[in-house]
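No value in this document is a laboratory result; all are computed from the given coordinates. Because the structure is a prediction, the values reported are computed rather than measured. Neighbour counts are summed over all protein chains in view; Cβ atoms, including those assigned to glycine, are modelled from backbone coordinates with ideal geometry.
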Amino acid sequence: MMDAARTRAWLTAAARLINANSGHLTALDTAIGDGDHGLNLRRGFEAVTAEATGDTPGAVLKAAGNALIDATGGASGPLYGTFFRRAAKALGDAPEVDDAVFAQALAAGLAGVQTLGGAAEGDKTMVDALAPAVTAFAAGGDAAAAAANGRDATESMTARKGRASYLGERSIGHIDPGAASAALLFQALCSVTTD
Ligand code: ADP
Ligand code: MG
Ligand code: MG
């Protein structure tokens, strides 16, 4: 079950994990991008922590999406912002939803990311962690582990979207920073839904 309080608990747990792993995310982005992913998301999730309030899961996620779009530089801000806004739209104004409905909202968020960014699985982006995590969540499986496996699988991929795609095959051998942050988001989600 997800209500507004648990949705907010997800986001504050995510902000803590992003903060704690910000240096690592930036190091990943230094290898195959421009070295700002940790900083971008730390700023973004500070805004989320401050601004993502509301009486329903949808209201909290919509405010989170707006905060990310406003506060986060780089490609990841609009992409994660869209993830939360599209999930919010799917939730509507229900005061609480069961896990199946929440899973559908996460799937809508993923679809929004893919529409905006044009990335498919295998393109070495956040989608490679988000997609298996959303599938696992819907099936009642371990979404955090699925996201982490998806993150790790990006290491052997060639980037086809985002800055890392400029490197072509030289992007092989590095984990995608956005896939790493997406795994943190699902680690946070599972920390508040598993009880
Ligand atoms: P920027 O590359 O603009 O500096 P960030 O460093 O914050 O932005 O985020 C980079 C991450 O964004 C990448 O590691 C990748 O996961 C994700 N990303 C970039 N472009 C796309 C896209 N078109 N579709 C999905 N994810 C993308
Ligand atoms: Mg970057
Ligand atoms: Mg940048």
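Summary table below
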{"item": "Between 0 and 90°, nearest 10: helix 76-91 axis offset from the chain longest Cα axis", "result": "30"}
{"item": "In degrees, nearest ten, helix 37-51 long axis to first principal axis of the chain (Cα)", "result": "10"}
{"item": "Separation of the Ala27 and Leu167 label points, Cα + 7 Å toward Cβ, nm", "result": "1.5"}
{"item": "The stretch 39-195 - percent relative contact order, Cα under 8 Å, separation 6 or more", "result": "16"}
{"item": "Dipole of the stretch 126-182, positive end: most advanced residue of Pro132, Ser171, Gly150 [Cβ charges, Cα centre]", "result": "Ser171"}
{"item": "Cα-based helix-to-principal-axis angle, 99-117 vs the chain, degrees rounded to 10", "result": "40"}
{"item": "Mean separation of Cα contacts under 8 Å, 6 or more apart, over the residue count of the stretch 1-85: relative contact order %", "result": "28"}
{"item": "Kirkwood-type radius of the chain, with distances r between different C-alpha atoms, in Å", "result": "16.0"}
{"item": "Alpha-carbon gyration tensor eigenvalues x 5, square-rooted, for the stretch 148-188, Å", "result": "20, 10, 6"}
